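All of the numbers you see were taken from the coordinates with simple rules; none came from a lab. Note that this is a predicted model, so its numbers are computed, not measured. For neighbour counting, all protein chains shown are included, and Cβ atoms are generated from backbone atoms with ideal geometry for every residue, glycine included.
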Amino acid sequence: MALHFSKEEFSKRKALILQSMKKLNLDALLMFRQESMYWLTGYDTFGYVFFQSLVLDKNGNIILLTRAPDLRQAQNTSNIKDIRIWVDKDRSNPTSELKIILDELSLKGKKVGVEYDAYGLTGRNALRLNKSLENYCIAEDQSELITKLRVVKSQEEIVYVKRAAELADNALDQAWKHTKAGASESKILAEMQRIVFEGGGDYPANEYIIGSGHNALLCRYQSEKRNLSKQDQLSIEWAGTYKHYHSAMFRTIPIGKVDPKHIKMHEACVEALTNCENKLKPGNIVGDVFDVHAKTFDDLGYNKSRMNACGYSLGSTFSPNWMDWPMLYTENPYIIQTGNIFFMHMILMDSENQLAMNLGETYLVTENGNKRLGKQKLDLVTL
């Protein structure tokens, strides 16, 4: 059994969930988020693209309903003892199988929380679930119950995040090594991912973002690959990933003669990141972190080039993306706590001049402030 945490850690997590359920008067919780299942039991799969649910009742009973391909997956990666299989067939409705489990747990007429905000629960299956639960129990959305517990990392989790940060640093070394005029974006990507795998890391929850020329202004992965020109710019966002825990970074690298505007943009990014670092400490709200980011860029004349969010929490996440709750945007009331992990990205996209500049780092919130987990320099590196 490939469990990545101690029995004591899993027991503590289960107790925290049960305490939250008790405060909310929940008799059971239906989990559909893969992150929740992994955090509670170690269950590691991408089978959540099909219908599956992990049921936890107030007495601590745990039952997984999934498909046959994930039977051994759950047995080998988790501490789940009771695994039920729904059978693939024409017009199958696994919510009916789930209702049988709820009957076994005497949940008829009881209050049941549901993780509706889950990539694994499609709109069609949510409608089926609602129909099955209608006039059966009191179902309410509890999508954030476990998410709010996961946002504060334990010491065992922080060990994995720090290892992920080391892998991210190693990947940047490879990017600098292979970035030059004539170099292939594909080669740079391959070398960055190779060093993560060789270091014992995992696939990230979403693709690395890479783009040069006009594509350096993109904040998402796209399939065009090109060779770098003598005068160019390369934007890369990536994450070291270890046991599904992420530590992300973001850089823009000028190639050839550096445009003075690029230098000014980088200076603005460093200033904005520094101001955000000073605000990222326990007791402050994440909305205030964004506001100092926005004010810094706006005062420097970059209000049309900046984004409307400047980062988000990181942790153990699964595809399609590594972004976790909460996000750093204005008026977000989440109070920063010791043990939070945040990726803060300073992004400037100047469409008029077709110039990009990005600077992003991952931070651990400490008792008195924060600690940047990456060890690489923040200087503008030109190649």
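A few points about this structure:
- Net +/- balance of residues flanking TYR48 in space, Cβ distance below 14 Å, scoring K and R +1, D and E -1: -3
- Folded to 0 to 90 degrees: helix 155-178 orientation relative to the chain principal axis, Cα: 40
- When VAL258, VAL286, VAL151 are sorted by how many other C-beta atoms sit within 10 angstrom of their C-beta, beginning with the fewest, the order is VAL258, VAL151, VAL286.
- One way to sum up the overall shape of the range 75-229 is the equivalent ellipsoid from its Cα gyration tensor, whose semi-axes run 44, 20, 15 Å, largest first.
- Relative contact order of the range 7-150, defined on C-alpha pairs under 8 angstrom at six or more residues apart (%): 27
- Among the listed pairs LYS187/LYS243; LYS58/LYS111; LYS180/LYS225; LYS14/LYS131; LYS58/LYS108, those beyond 18 Å (Cα-Cα): LYS187/LYS243; LYS14/LYS131
- The HN-Hα couplings worked out from phi for the range 326-331 by the Karplus form 6.51 cos²θ - 1.76 cosθ + 1.60 (θ = phi - 60°) are x, 9, 8, 9, 4, 6 Hz, whole numbers, x standing for Gly and Pro.
- Using the Cβ-Cβ distance between LYS261 and GLU198 with R0 set to 45 Å, the FRET efficiency from 1/(1 + (r/R0)^6) comes to roughly 0.75.
- When MET249, MET357 are arranged by Cβ crowding within 10 Å, least crowded first, meaning fewest neighbours, the order is MET249, MET357.
- Once the Cα-Cα distance is subtracted from the 0.36 nm per residue extended length, the LYS7 to ASN130 segment shows a gain of 40.8 nm.
- For the residue pairs LYS281/LYS377; LYS261/LYS377; LYS281/LYS375; LYS23/LYS89, the alpha carbons lie more than 28 Å apart in LYS23/LYS89.
- With at most 10 neighbouring Cβ atoms within 10 Å, loop trypsin sites (Lys or Arg not before Pro) (DSSP) excluded, longest segment of the chain: 92-219
- 20 Å reach of a label modelled at ASP88, 7 Å along Cα-to-Cβ, counting backbone N of the range 110-141: 120-126
- Integer Hz, Karplus 6.51/-1.76/1.60 couplings in order for the range 64-69, x for Gly and Pro: 9, 10, 8, 9, 4, x
- The range 6-56: translational diffusion in µm²/s, Stokes-Einstein, Kirkwood Rh over Cα pairs, 25 °C, 0.890 mPa s: 210
- The distance between label points at GLU331 and GLU140 comes to 2.5 nm (points 7 Å beyond Cα on the Cα→Cβ vector).
- Database remark: amide H of ILE285 closer than 5 angstrom to the amide H of ILE336 (H placed geometrically; neighbours at sequence offset of 5 or more, or on other chains; Pro and chain starts carry no H).
- DSSP-defined antiparallel bridges as percent of all bridges, the range 155-372, nearest 5: 100
- Computed from label points 7 Å out along Cα-Cβ, the spacing between ASP173 and LYS148 is 4.2 nm.
- Using the Karplus relation 6.51 cos²θ - 1.76 cosθ + 1.60 with θ = phi - 60°, the per-residue 3J(HN,Hα) values for the range 357-364 come to 8, 9, 8, x, 9, 9, 10, 9 Hz, with x marking Gly and Pro.
- Column: log10 I(q)/I(0), Debye, Cα scatterers of the chain, q = 0.13 Å⁻¹: -1.06
- Only Cα sites of the range 155-372 enter the Debye sum here, all with the same form factor; the resulting log10 I(q)/I(0) across q = 0.07, 0.08 1/Å is -0.20, -0.26, listed in q order.
- Potential extension, THR122-SER96 segment - 0.36 nm per residue separation minus Cα distance: 7.8 nm
- Computed over Cα pairs, the Kirkwood radius of the range 7-150 leads via Stokes-Einstein (0.692 mPa s, 37 °C) to a diffusion coefficient of 218 µm² per second.
- The H on the amide N of LYS111, modeled in the peptide plane, is under 5 Å from the matching H of ASP27, ILE138, each at least 5 residues off or on a different chain.
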